[in-house]
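Working notes for the structure below.
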């Protein structure tokens, strides 16, 4: 089976798993996931599973990418902040659904690889930063939507502060490796109203930047 057929098969599987938002499915179908995984895992690019991308990081399972993206309820008017660029796959999907994506990564080699892929795919509405995602991107705040692709013990206050009123934040919360819960937060004048979206497993959200990145 070729990559296009495998991608179509993945989209069918996502639909069967409850992802019915056609714009989200179209965005995932438009992004060639095989470009975002190491060459040694290319044959598994359209498996519905997370894959290692180096630096102790992973490219998330497509079903989780779809669920998190769906929960953001995006339109082309929205400005999005992503914490944890990783391979760049989630940012690429978001770029198809929003006005602009701002994405932060603490591993410089991963960020450089992602930036190269954004250029190859002509995704010109993505801005990148090498830095500590937990502090957000204050100069560009407020954001209509924020997505965090690593698990924190608690939602960083800086991210709540940088979310606009009525905005949505999707974040996994919990200890490293176990009992994490995917949360959707909708910001009201009185604070963040939270909903649980189910159990997940993400790498931890770490402070600062990776040593040796320069």
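The values are calculated or read from the model by the stated rules, or taken from the named source; none is laboratory data. These numbers were taken from a predicted model, which means no experiment stands behind them. Quick reminder, even Gly has a Cβ in these numbers, built from the backbone with ideal geometry, and neighbours come from all protein chains shown.
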Answer yes or no: is there a residue in the stretch 114-129 that is closer than 15 Å to residue 202 by Cα and either in contact (Cβ under 8 Å) with a residue 60 or more places away in the chain or in contact with a strand residue (DSSP E or B) (Cβ under 8 Å, 6 or more places away or on another chain) (or both).
no
Looking at the stretch 162-190, which of the residues that are without any contact (Cβ under 8 Å) to a residue 24 or more places away in the chain and either at positive phi or assigned to a helix (DSSP H, G or I) (or both) is surrounded by the most Cβ atoms within 10 Å (Cβ to Cβ)?
174
Tell me, yes or no, whether the stretch 20-38 has at least one residue that is over 20 Å from the mean Cα position of the chain (by Cα) and surrounded by fewer than 14 Cβ atoms within 10 Å (Cβ to Cβ).
no
So residue 92 ticks every box in (1) in contact with a strand residue (DSSP E or B) (Cβ under 7 Å, 6 or more places away or on another chain); (2) buried (at least 24 other Cβ atoms within 10 Å of the Cβ) but one. Which box is left unticked?
(1)
Which of (1) in a strand (DSSP E or B); (2) within 13 Å of residue 81 (Cα to Cα); (3) in contact (Cβ under 8 Å) with a residue 60 or more places away in the chain does residue 159 not meet, given it meets every other one?
(1)
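Conditions (1) modelled with pLDDT of 95 or more; (2) outside any helix (DSSP H, G or I); (3) closer than 20 Å to residue 65 by Cβ, marked per residue:
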| site | (1), (2), (3) |
| --- | --- |
| 109 | yes, no, no |
| 112 | yes, no, no |
| 122 | yes, yes, no |
| 129 | yes, yes, no |
| 134 | yes, no, no |
| 139 | yes, no, no |
| 146 | yes, yes, yes |
Of the conditions (1) modelled with pLDDT under 95; (2) touching a strand residue (DSSP E or B) at 6+ places or on another chain (Cβ under 9 Å), residue 33 fails just one. Which one is it?
(1)
At pLDDT 95 or above, in contact with a strand residue (DSSP E or B) (Cβ under 7 Å, 6 or more places away or on another chain) and under 28 Å from residue 112 (Cα atoms): is that true of residue 171 in this structure?
yes
Among the residues of the stretch 181-214, the number that are more than 16 Å from the chain's Cα centre (by Cα), modelled with pLDDT of 90 or more and farther than 15 Å from residue 65 by Cα is 11
Which pairs do you get when a residue that is free of Cβ contacts under 8 Å to residues at least 12 places away in the same chain, found in the stretch 1-23, comes within reach of a residue that is in a helix (DSSP H, G or I) and surrounded by 11 or more Cβ atoms within 10 Å (Cβ to Cβ), reach meaning Cβ atoms under 8 angstrom, with the pair 6+ apart or on two chains?
1/9; 15/25
